[in-house]
Amino acid sequence: MSLVSDPVAVTVAAPSPLESPARLAAVRATRLLDTGPEEAFNRLTRLVSVVLGTPAVMLTVVDEVRTFLKGTPEPARIVGPDGVWSAPVEDSGCKVVVESDGEICAGDVQAEPRLRDLSLITEFGAAAWLGVPVRDPAGQVVGNLCAMDVVAREWTPLHRETIRTLADAVEGEIALRLALRETERQALAAARHAAEAETLARTLQESLLPARPPRLPGIDIAARFLPGGSGVEVMGDFYDAVPTPDGVAVVIGDVQGKGSAAARTTALARSATRTAAHVEDDPVAVLRTVNDVLHVWFDGRISFVTAALASLRRGPSGTWHADLASAGHPPVLVRRADGTAEFHGGGGLVLGIGTTPMVAHETVTLAPGDSLVLYTDGITEAHVRGHWEQLEEEGARRTLASLVPGADADTIARALTGAALAHCGGHLSDDAGVVVVQVEEPAAVDADRVVTEHVPHAGVGRETRRSAERVLTGWDLAPGSLADAMLVVEELVANVVDHARTPFRLTLVRTGDALRIEVEDEDSGSPLLQPLDVRAARGRGLQLVDAVAQSWGCDTRGGGKRVWAELPTR
C-alpha cells in the first residue's frame, strides 16, 4: 500500500495496482486462479524457451495475495501432487510487472533492486530475468509471462519482441475462452439467441483479421472473407498485410479445421508471420520461421496450415516486384491491366508437419494496373452440397478475365467471392478468403503546381489522400520522401476536417529538390504545436509534421489561414 496526502493533510491509503478492484475482477473472470498448469499454455512457454534459449519460463496469474503457475515447459518438475503450484505474490517478480504495468528487462538481476531480493528469484537461481504483462481484452493486467536464465545475459530487441508476441498469443487464448464462455451461455439460453451467437463468433473472427488493410502509396489492397458452414464457428482462413521498409508483405493462410482450436492456431500463425516479416526480407525464410513455431505448437498433433506470402517492393517506372512463397497453398492469380489473368507461385508443402518445410518460390513483376490475387481453397473448391463440380482454379481465372479492364481491387475481390457463392448456391461448405493487391496507375503530372478543391464529407480524407498520392507518385519522389509527404498531407487535412470543418484547398508545389504542401481553409484559428504528451488523445499530428518537414508554418489572411510545410524530394 502507498500513502498519499490530500490538500487538507488527511492521510489516506491508496490501493496498489495489485489490489485494484477492476484488476482483481478481471483476474477472477478468467477462472484461472487456484488451478494448475494447462497444456495449451505449456506449449507457448516451450516456444519461449526454444526461441530465447532459456532454461526456465513461467506463465502466472496473480491476485492480491498469491501467484499461480499456469504454464511452464516441464510442469512435472515444479507442480505438487495436487497439480497446483502457487506462491506469495510478495516473493515473486509477478508483483513487479503488475505494479509497473509494463515490461521488466533485467540482463543482470543483481543490478535490478526490484528483483534481486525476492525469494523466488533466489530460489530459482535466476541471474537474468525478462517479464511482460499478460492482459485481458479490456487491458487489465491479469498475469505475467517471464523467462529466466541462470547466467547474466543481454536481452536483445528480438528476444523482447518474441516474448511480447507470445504473450499476445496467451492473451488471445484468454480472450478466446472468455468469448467461448459467453457463446456457451447464450447457446444454452434458447434457440432465439442463435443470431447473437453468430454475431459473437463474427466479432471473434474479426479480432483475428486486420481491422482494415494498410494504405500504402502506389498500391491498393482489398480483402474479402466469408465463413463456411453454419456461421457460428470461427473460420480458419486468415490474412495480414505488414508494412516493410521497401513495401509490404501480404500473407493469406488456411488453418486446418474450424472453431476454438483453429482460432488459437490462427492467432499464433498470424502473430508469428507478422513478427518474422519485420525481421526477414525473404518470404521463404518467413514461412520457414512460421513452420518452426507451428511445429512446436502442434507438439505431435496432426494439424497443419497452408500459406502464400507475397513480399512486394517498389521497382522502377511505377512497377512493383512481388517475391512469392508458397507452402501447400493454391497458386496466386495475376490479373494484368488489359484484363488477362495468369497463375503464378503455388506448390510447396504445408506448414507445421515437419522441421524442414519445402517452400516454393517465384518472383513476378507487376506493372501499373496489374493486380496480385491471393485466395484460399474455399474459393476454388466451392460446390453445391451433394454435387462435386467445383469452381476450380480455372473458374477463378475465368472470373477475373471476364471483368472489364480497369476494375479496382475491391471489385476484383467481390467478383471472386461472388463467383464462389454463385457456384455453391449461396451456401459455402468451407471458408473463403481473397486478398487483392493492385498497382495503381501513376498520375500523368506535367505541371509543377497542382491545386485541388474539397468540401467536408465522410470520405473527404480518403478522397484527398488518393488524389495527392497520384500526383506525388507521378512526380517520382524517392520512397522515403513520398512516405513523408503523404504523412504531412494526411495530418494537415485531418487538422482541417477535425477543427476547421470548412471547404479547403490542397496545393502541391514541386521546385527543384523541394516539395511544398499547402492547405487553405476558411477558419482563422491557427494550429498550435503542443508539447509532446504520449498520453494525450490528440495533438500528435503537428508533432509528426514538425518531425519530418524541413520547415512549416501558418499564414492567416482575411477570414482564413494557410498551413504549409516544405520537405526535400530526395
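Work out how much length ARG505 to ALA478 would gain on full extension: take 0.36 nm times their residue separation and subtract the Cα-Cα distance, in nm to one decimal. Numbers along the way, then the final one.
Details: separation 27, 0.36 × 27 = 9.72 nm, distance 2.51 nm.
Extending this stretch completely gives an extra 7.2 nm.
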Can you give me the distance in nm between label points at GLN186 and ARG449, each placed 7 Å from the Cα along the Cα-to-Cβ direction? 5.8
Would you mind classifying segment 20-175 by shape? Square roots of the alpha carbon gyration tensor eigenvalues, ordered a ≥ b ≥ c; an a/c under 1.5 is rounded, otherwise it is prolate if a/b is larger than b/c and oblate if not. rounded
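Using only alpha carbon pairs under 8 Å that are at least six residues apart, calculate the relative contact order of segment 449-568 and give it in whole percent. Display every interim value, and only then the final one.
Values: 190 pairs, mean separation 32.4, N = 120.
Result for segment 449-568 is 27 percent.
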Shape of segment 254-392, Cα gyration tensor, a/c cut at 1.5: oblate
Förster radius 25 Å - calculated FRET efficiency between ARG164 and ALA29 (Cβ-Cβ, nearest 0.05): 0.60
Kindly put MET486, MET148 in sequence by how many other C-beta atoms sit within 10 Å of each C-beta, fewest to most. MET486, MET148
Dipole magnitude of the chain, debye to nearest 20 (Cβ charges: Lys/Arg +1, Asp/Glu -1, about Cα centre): 520
About the Cα centre of segment 12-112, how large is the charge dipole given +1 on each Lys and Arg Cβ and -1 on each Asp and Glu Cβ? Please answer in debye to the nearest 20. 360
Restricting to the chain, what percent of DSSP beta bridges are antiparallel, rounded to 5? 100
Pick out, from VAL450, SER49, GLY395, the residue whose Cα sits farthest towards the positive end of the charge dipole of the chain, with +1 on the Cβ of Lys and Arg and -1 on the Cβ of Asp and Glu. GLY395
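Using packing as a proxy for protection, rank 552-560, 156-164 so that the peptide with the highest average count of other Cβ atoms within 10 Å comes first. Intermediate values should be presented prior to the final figure.
On the way: 552-560: 12.7, 156-164: 15.7.
So the order, starting with the most tightly packed, is 156-164, 552-560.
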When only Cα pairs under 8 Å and 6 or more residues apart are kept, what is the percent relative contact order across the chain? 9
FRET E, pair GLU90, ARG177, Förster distance 25 Å, beta-carbon r, rounded to 0.05: 0.35
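Can you bin the chain into rounded, prolate or oblate? Criterion: square roots of the alpha carbon gyration tensor eigenvalues sorted a ≥ b ≥ c, rounded for a/c under 1.5, prolate for a/b above b/c, oblate for the rest. Don't jump to the answer; show the numbers that get you there.
On the way: a/c = 1.85, a/b = 1.22, b/c = 1.52.
The shape class here is oblate.
Read-outs throughout are calculated quantities, based only on the coordinates presented, and are distinct from any laboratory measurement. Only a predicted model underlies this, so the values are computations on that prediction, with no experimental measurement involved. Virtual Cβ from ideal backbone geometry, glycine too; neighbours counted across all protein chains shown.
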